[in-house]
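Below: one structure, written as structure tokens.
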Amino acid sequence: MMNLSLGLRTIRSRMRESVRVPLLYREWHQARKQLQRVPFRQDATNIRSVLIAPGDTISLTGSKGDEAMITALVESVRRHIPDCRFGIFSVDEDGAHACTEPGIRPEAVWANPWSLRKLTDTVARYDAVALMGGDVMDGYYNAITALRMWVLADLAARMGKPTVILGFSFNARPSPKLLKCLNALDPAVNIFIRDPISLERFNRFSKATGQLVADSAFLLQPRTDGPEVTRVRTWADEQRAQGKTVCGFNLHPMLVKNGDPSKIRELAEAAVATLSELGARHPLSFLLIPHDFRGGALGDDTVLAPVYQRIRATVGDRVIYPSAPLHAAELKALAGCADAVVTGRMHLAVGALSQGVPVAAITYQDKFQGLFRHFGLPESLMLPPEHILDPAKFIRMIETVLDRRTELAEQVAAKLPEVIRLAEANLKPLLGNVRSDDEPVPCAVSVR
């Protein structure tokens, strides 16, 4: 029954793409003809408003990775241009409350029936456009969403607006439905790609020119003063005082293809067996860190809650699980409480690395390889999801990052200044020649 349901869903998705993609291309070509008379490119030094296109226009920041990128953008630009105002595309006004950054105006025009004209009318009211590239630009999850983002970027640039696609990943299997758009993209679009492997793939796929940056979330400053962060930091300090090493840990349901509930249960069972064995072998304490609070099969609680319940029975107060929804900047602070982090969420890895905490990764969507290359981290610290079910392999990877944590932390700290510089490159088209005495400061790094 499950396979039949997944098969029907795949068929419906392909049918929708077969109808919507040609219509979108037709609408895009018509809009381009109307915009050919724009006589200038707006000077970036005059920017006082930025329109954000998030990867998820429904929940906006349900993915903490999206929230990290949005917050880093807003905080960084406001540091240079304090009076800059921001808008954000959303499906409706009700969903826009999910964007927790103050002073961001929801633009509820990204809805069905989807209208490119409404989007460009909204773009016209702003000085610049920033698209949250993330992991949607290759069309792996949804070719229609990806194509809409590329079309929006092209038209915004043709309207004379400084346009940036903040550092994104590009996997090894991009949707071929994007190729015509990418090959005809306005050269004024700033295409920022967040790792060298993604850049290589992008350059092989299209004629458009990408530029290497690092993920903009590296610029996010951790928020350390909240009550939950304080509680976890106090717990972590107590564990270390007792001679324990604190291992941050994250798994999530998107590691399971098509969200098969039985496979998600297997994932949780494997995590329980692995952490229980590690806890018996070593003086370890476990900090379970969720990084997606959306409900259903998307949120991390689907996996982490049963893991916590099971291992709590065996390790007691050596495990903690701050499961209430937190801001991405607070989750980044939680990552900084650990001595090493094992994660299936890339932006949790970014949060840890930007504070000098070494990571091991459960890889998916071809994203971690490029991130690890920024820091010269070994492939032995990456494991595909299917190998989690082999306790020996999973334990070996976690023991490797824990045993080498001091050496790896020093390596991360040495590479971090260059990575921060690459992350700041995301902002150059928006800031122009603007400078401030209060330059962005990298997150504090401590090597334990």
Qualifying residues in region 282-298 (those that are assigned to a strand (DSSP E or B) and aliphatic (A, V, I, L, M)) - the one nearest to Cys337 (Cα to Cα) = Leu287
Got at least one residue in region 140-162 being over 14 Å from the mean Cα position of the chain (by Cα), of a type in the set (Gly, Ala, Ser) and over 26 Å from Thr61 (Cα atoms)?
-> yes
Test result for Val232, within 24 Å of the chain's Cα centre (by Cα) and at pLDDT 95 or above | yes
Within the group Gly316, Gly279, which residue is more than 23 Å from Leu383 (Cα to Cα), of a type outside the set (A, V, I, L, M), modelled with pLDDT of 90 or more and part of a helix (DSSP H, G or I)?
-> Gly316
Taking Lys180 as meeting all but one of (1) in contact with a helix residue (DSSP H, G or I) (Cβ under 8 Å, 6 or more places away or on another chain); (2) modelled with pLDDT of 95 or more; (3) part of a loop (DSSP other than H, G, I, E, B); (4) not hydrophobic (A, V, I, L, M, F, W, C), write down the number of the exception.
-> (3)
Counting only residues that are farther than 30 Å from Pro22 by Cα and either without any contact (Cβ under 8 Å) to a residue 12 or more places away in the chain or touching a helix residue (DSSP H, G or I) at 6+ places or on another chain (Cβ under 8 Å) (or both), give me the helices (runs of 4 or more DSSP H) lying completely in region 50-158 with at least 1 of them.
-> 64-80
If we scan region 44-59, do we find a residue that is aliphatic (A, V, I, L, M), modelled with pLDDT of 90 or more and out of contact with any strand residue (DSSP E or B) (no Cβ under 6 Å at 6 or more places or on another chain)?
-> no
Scanning for something assigned to a loop (DSSP other than H, G, I, E, B), assigned by TED's automatic domain parsing to the domain that holds Lys393 and at positive phi, does region 234-244 turn up at least one residue?
-> yes
Ala333: in a helix (DSSP H, G or I) and either within 27 Å of Phe170 (Cα to Cα) or outside the structural domain of Val256 (by TED's automatic domain parsing) (or both), yes or no?
-> no
Is it the case that region 139-156 has a residue that's of a type outside the set (Gly, Ala, Ser), at pLDDT 95 or above and over 23 Å from Lys33 (Cβ atoms)?
-> no
Within the bounds of region 418-430, is there any residue that is buried (at least 22 other Cβ atoms within 10 Å of the Cβ), of a type in the set (S, T, N, Q), outside the structural domain of Glu67 (by TED's automatic domain parsing) and part of a helix (DSSP H, G or I)?
-> yes
Pairing a residue in region 411-434 that is of a type in the set (Ser, Thr, Tyr) with any residue that is in a loop (DSSP other than H, G, I, E, B), where Cβ atoms lie under 9 Å and the two sit 6 or more apart in sequence or on different chains, gives none
Of the residues in region 259-291, those that are crowded, with 23+ Cβ neighbours inside 10 Å and over 23 Å from Thr400 (Cα atoms) come to His291
Here are Thr230, Thr224: which of them is without any contact (Cβ under 8 Å) to a residue 24 or more places away in the chain and either not aromatic (Phe, Trp, Tyr) or not assigned by TED's automatic domain parsing to the domain that holds Val77 (or both)?
-> Thr230
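Table: residues versus (1) surrounded by 22 or more Cβ atoms within 10 Å (Cβ to Cβ); (2) under 30 Å from Phe170 (Cα atoms).
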| position | (1), (2) |
| --- | --- |
| Ser198 | yes, yes |
| Ala208 | no, yes |
| Val213 | yes, yes |
| Asp225 | no, no |
| Trp235 | no, no |
Region 152-174, residues that are out of contact with any Phe, Trp or Tyr (no Cβ under 7 Å at 6 or more places or on another chain), under 23 Å from Gln369 (Cα atoms) and buried (at least 17 other Cβ atoms within 10 Å of the Cβ) | Phe168, Ser169
Counting only residues that are within 21 Å of Leu284 (Cβ to Cβ) and of a type in the set (Gly, Ala, Ser), region 243-260 contains a total of 2
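Yes/no matrix, rows are residues, columns are (1) surrounded by 21 or more Cβ atoms within 10 Å (Cβ to Cβ); (2) over 23 Å from the mean Cα position of the chain (by Cα); (3) at pLDDT 95 or above; (4) not assigned by TED's automatic domain parsing to the domain that holds Gly167:
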residue	(1), (2), (3), (4)
Phe372	yes, no, yes, yes
Met382	no, no, yes, yes
Glu386	no, no, no, yes
Leu402	no, yes, yes, yes
What are the residues in region 160-181 that are in contact with a strand residue (DSSP E or B) (Cβ under 9 Å, 6 or more places away or on another chain) and of a type outside the set (S, T, N, Q), if any?
-> Lys161, Pro162, Val164, Ile165, Leu166, Gly167, Phe168, Phe170
Where a residue in region 328-356 is under 22 Å from Asp366 (Cα atoms) and polar (S, T, N, Q) and its partner, wherever it lies, is surrounded by fewer than 24 Cβ atoms within 10 Å (Cβ to Cβ) and modelled with pLDDT of 95 or more, with Cβ under 8 Å and at least six apart = Ser354/Leu416; Ser354/Val419; Ser354/Ile420
In this structure, is Gly226 of a type in the set (Gly, Ala, Ser) and touching a Phe, Trp or Tyr at 6+ places or on another chain (Cβ under 9 Å)?
-> no
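The values are calculated or read from the model by the stated rules, or taken from the named source; none is laboratory data. Owing to the predicted nature of the structure, the values given are computational and were not obtained by experimental measurement. Cβ: placed from backbone, ideal geometry, glycine included. Neighbour counts: every protein chain shown.
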